[in-house]
Amino acid sequence: MTVLDSRALGRATLARQLLLERAEVPALDAVAHLGGLQAQEPQEPFVGLWSRLRSFEPAQLSALVTDRRVVRTHLMRRTVHLVTADDAVAWRARHDAMLRQRVLGVYRGELDGVDLDELAAAGRAVLADGVPRSMPELARAVAGRWPTPAPRALGEMLVAALIPMAQLPPRGLWRTRAGVRNVPLAAWLGREIDPPAPAGTDPVGAALVRRYLAAFGPAATADVRMWSGLAGLPAAVAAVRAELVTFRDERGRELLDLPDAPRPDPDTPAPVRFLPAFDNAILGYDDRTRIVDDAHRGVSVAGERVVLVDGRVAATWTVEAGTVVATPLRRFSRADRAAVADEGRALATFLSDGESHRARVAAAPR
């Protein structure tokens, strides 16, 4: 069986993630291809798409949000993702059990004795008036029935697990600060979410495996599970295995892939790319060594924005008074510093709507 080293896997990741070459596709198609964008920080998806698409304009994504073609909702890993309306409707029921269990993992003691079906019914009754509510507002509205749990526990369970919700604009619009207001996903989109599959079948799980490999492969089943947060995927993998090709990584793990998906030459040049906080190009794997060294793995979960140099995490970045500042995690060659500065200036122009073109590369660690 062919062994793919970390460089080969890294180049495949860049190609699938639209980071090896900016794509000429509509923003909606990019969101669909990527299986959504991690979006708990509302402005980060704009940077994610800017780094992946040619001629991307922020108004394109804002329009998709206001037109209800993409939606902010709790989904993979119980984190807020920006996904297409079609995917939200198709995928949400498959995530129900995982979402409940993850909230219970935090609040099990406080929610002990609370009938979750009753809680969901109470929440839906409150929301039936069509008024968008924040999580604290919804929690207070049902707290009289369950006075013992902290409102936070009731609110998290309702908003992140029991009731499929959409976070409404203006939250998630370009250069807009707004609190979270929730309405049921079905009410916002004007259609019900797809029902759970019959027992013993998992068509959504099989579709998720295919979609994941298209955007992240080649990958192990543990990687699919890390991205989605879902249990029970071995049956879905088994259902599609005949469609797939297999490899091994340097650790000996079996890697699955779609037969016709791109697997570029490991020596393919990789341009500098600035990634937003919590980008799934990093978080979407159990084994992240294809893109980030173990020594720097922590930056991917700490909310640091990172810079890819030669396809690997090589710096973090911030914006200081309109200047994009890249802070290397290792020593850069002169050419690397110049390339990071060039891309940083382009990012500064994007973030400031053309008002700033300033970028600086800080000193490398000694």
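Throughout, read-outs are computed from the coordinates displayed, never taken from laboratory work. Since this is a predicted model, take the numbers as computed values, not measurements. Ideal geometry is used to build each Cβ from the backbone, glycine not excepted, and the neighbour counts take in all protein chains shown.
Numbers below:
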| quantity | calculated |
| --- | --- |
| Ratio of Rg to Rh over the stretch 165-230 (Cα coordinates, Kirkwood Rh, two decimals) | 1.10 |
| Rel. contact order, % - alpha carbon contacts under 8 angstrom, at least six apart, the stretch 1-99 | 26 |
| For the stretch 60-181, Kirkwood radius (reciprocal of mean inverse C-alpha pair distance, Å) | 15.0 |
| Cα lying deepest toward the dipole's positive end in the chain, options A143, V309, G105, charges on Cβ | V309 |
| Length gained when the stretch R145-A362 is fully extended (0.36 nm per residue, less Cα-Cα span) | 72.6 nm |
| Residue (of V361, V3, A239) at the positive-pole extreme of the chain, dipole from beta-carbon charges | V361 |
| GNM result for the chain, Cα springs below 10 Å: residue of G190, G179, G311 fluctuating most strongly | G190 |
| Dipole moment magnitude, nearest 20 debye, the chain about Cα centre, only Lys, Arg, Asp, Glu C-beta charged | 700 |
| Net charge of neighbours whose Cβ lies under 11 Å from the Cβ of V325, counting Lys and Arg as +1 and Asp and Glu as -1 | +2 |
| The stretch 288-361, relative contact order [Cα under 8 Å, separation at least 6], % | 24 |
| Two-site FRET efficiency, R68 against D310, from Cβ-Cβ distance with R₀ of 35 Å, rounded to 0.05 | 0.30 |
| Compactness relative to 2.2 N^0.38 Å, alpha carbon Rg of the chain | 1.02 |
| Rounded FRET efficiency, nearest 0.05, which uses the C-beta distance separating R108 from V131 and R0 of 35 Å | 0.70 |
| The chain: relative contact order in percent, alpha carbon pairs under 8 Å with at least 6 residues between | 19 |
| Volume per residue that the Cα convex hull of the stretch 1-135 spans, once the total is divided by residue count, Å³ | 171 |
| Choice from A90, A125, A12 showing the highest fluctuation, given a GNM over the chain with Cα pairs closer than 10 Å | A125 |
| Separation of the M1 and A239 label points, Cα + 7 Å toward Cβ, nm | 2.3 |
| Exposure proxy ranking, count of Cβ atoms within 10 Å, fewest first, for R94, R140 | R140, R94 |
| Pairwise FRET efficiency - A231 versus V25, Cβ, R0 = 22 Å, nearest 0.05 | 0.10 |
| Computed lengthening from A121 to A187, 0.36 nm per intervening residue step minus Cα-Cα distance | 22.2 nm |
| Size descriptor, Kirkwood hydrodynamic radius, that averages inverse alpha-carbon separations across the stretch 187-280, Å | 15.5 |
| Inverse mean reciprocal Cα-Cα distance (Kirkwood Rh) of the stretch 288-361, Å | 12.6 |
| Helix-derived mean residue ellipticity, 222 nm - over the chain, DSSP H n ≥ 4, -39500 (n - 2.57), to 500 | -12000 deg cm²/dmol |
| R331 paired with T318, simple spin-label distance in nm, labels 7 Å along Cα-to-beta-carbon | 2.6 |
| Protection proxy ranking, peptides 200-211, 278-289, 113-124, average beta carbon neighbours within 10 Å, highest first | 278-289, 200-211, 113-124 |
| For the chain, built as a Gaussian network whose Cα springs stay under 10 Å, the top-fluctuating residue of S228, S333, S356 | S333 |
| Size-normalised alpha-carbon gyration radius of the stretch 234-277, reference 2.2 N^0.38 Å | 1.58 |
